[in-house]
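Novice: The following block contains the structure, expressed as structure tokens.
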Amino acid sequence: MRKTITITYPADPARTAQMLATPAYQEERVARAGLDDASVDVAQRGQGFVSTIAGSIQPSRLPSVASRLVRSAVSFTVAESWGEPKEDGSRSGGYDVAIKGAPVKVSATSTMAPAAESTENAEASVSTQATTVTVDVDLQVSVPLVGKTIEEKAMGMVGRVVADEERRAAAWLAEH
């Protein structure tokens, strides 16, 4: 199942990339996902970076249709990579996802680009900097009869995850 996900951050691409390359921000992502045993590593690659989260998820934390099929913890590694910025601050990236213990395959490519947000008010038009991250995800669950149902459940949760990411990123950017 393929899906395009759009996340909007209330900062320019340079500041957004700086936030995503900060280990403390990645550790907050891990904490809010409830991943107790996960580790975070951020490595600079020139002006780009790779942030890797590795850990495991107990079957009880999976959607019910999936938890019935998984008997033990599912180990995973997610490496979010971003290349060097172009002149306008945009970047290309991707997600390398490895999952052990479940018949799941995930691949994703991403782009980060500046997006001007305009807000109209009674006195003037105010323009603020924003960044749009677009992620093209391909999720495949190879389980006969229920694979598509699991894919749909997983992709159905994306809206809540994006809303949470946007809200928490805005708070992070306001504080830092």
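Novice: Let's see if you can work this out: charge +1 on each Lys and Arg Cβ, -1 on each Asp and Glu Cβ, no other charges. What is the dipole magnitude of segment 15-60 about its Cα centre, in debye to the nearest 20?
Specialist: Magnitude of the dipole: close to 260 debye.
Novice: Continuing with this model, one more query. Using Cα springs under 10 Å in a Gaussian network model of the chain, which residue among Thr77, Thr149, Thr111 shows the largest mean-square fluctuation?
Specialist: With Cα springs under 10 Å in the chain, the top fluctuation among Thr77, Thr149, Thr111 is at Thr149.
Novice: Placing +1 at every Lys and Arg Cβ and -1 at every Asp and Glu Cβ, with all other atoms neutral, what dipole size does the chain have around its Cα centre, in debye to the nearest 20?
Specialist: 940 debye
Novice: Summing -39500 (n - 2.57) over the DSSP H runs of n ≥ 4 in the chain and dividing by its residue number, what mean residue ellipticity at 222 nm do you reach, to the nearest 500 deg cm²/dmol?
Specialist: -8500 deg cm²/dmol
Novice: Net charge within 14 Å of Ile5 by Cβ-Cβ distance, Lys/Arg positive one each and Asp/Glu negative one each, not counting Ile5 itself?
Specialist: -3
Novice: Farthest toward the dipole's positive end in the chain, which of Ala98, Thr8, Val141, given Cβ charges of +1 (Lys, Arg) and -1 (Asp, Glu) about the Cα centre?
Specialist: Projecting each Cα onto the dipole axis, the largest value belongs to Val141.
Novice: Here is a follow-up. In the chain, how many lysine pairs have Cα atoms under 30 Å apart, counting only pairs 8 or more places apart or on different chains?
Specialist: Total qualifying Lys-Lys pairs in the chain comes to 9.
Novice: Which of the trypsin sites (Lys or Arg not before Pro) found in segment 1-85 are loop residues per DSSP with 12 or fewer other Cβ atoms within 10 Å of their Cβ?
Specialist: Arg68, Arg71
Novice: Using r as the Cβ-Cβ distance of Glu84 and Ser60, and R0 as 30 Å, what FRET efficiency do you calculate, to the nearest 0.05?
Specialist: 0.15
Novice: Moving to a separate point now. Please quote Rg/Rh for segment 1-157 to two decimal places, taking the Kirkwood radius as Rh and restricting both calculations to Cα atoms.
Specialist: My calculation of the ratio gives 1.03.
Novice: Please report, as a whole percent, how much of the solvent-accessible surface of the chain comes from carbon and sulfur atoms (probe radius 1.4 Å).
Specialist: 52 percent
Novice: Go through segment 39-46 residue by residue and turn each phi into a ³J(HN,Hα) via Karplus (6.51, -1.76, 1.60, θ = phi - 60°); whole Hz please, and just put x for glycine and proline.
Specialist: Once rounded to whole Hz, the list reads 10, 10, 9, 10, 10, 6, 10, x.
Novice: Express in Å², to the nearest 10, the accessible area of Asp88 obtained by rolling a 1.4 Å probe over the protein heavy atoms while all chains stay in place.
Specialist: 90 Å²
Novice: While we're looking at this one, here's another question. Just how much of Glu27 is accessible, in Å², when a 1.4 Å probe is used and the result is rounded to the nearest 10?
Specialist: 100 Å²
Novice: Got a number for the accessible area of Met155? Probe 1.4 Å, square angstrom, nearest 10.
Specialist: The accessible area comes out at roughly 20 Å².
Novice: Given a 1.4 Å probe, how much area per residue of the chain is accessible, in Å²?
Specialist: Per-residue accessible area for the chain comes out at 57 Å².
Novice: Here is a further query. Which residue, chosen from Ala154, Ser72, Trp82, occupies the Cα position most advanced towards the positive end of the dipole of the chain, where the dipole is computed from +1 (Lys, Arg) and -1 (Asp, Glu) charges on Cβ about the Cα centre?
Specialist: Ser72
Novice: Using Cα-Cα distances under 8 Å and only pairs 6 or more residues apart, what relative contact order does the chain have, in percent?
Specialist: Relative contact order for the chain comes out at 25 percent.
The values are calculated or read from the model by the stated rules, or taken from the named source; none is laboratory data. Values in this document were obtained by computation on a predicted structure and should not be read as measured data. Backbone-built Cβ (ideal geometry, glycine too); neighbour counts: all protein chains shown. For the accessible areas, the whole protein counts, side chains as well, though only heavy atoms, and no ligand, DNA or RNA atoms are used. Shrake-Rupley method; radii C 1.70, N 1.55, O 1.52, S 1.80 Å.
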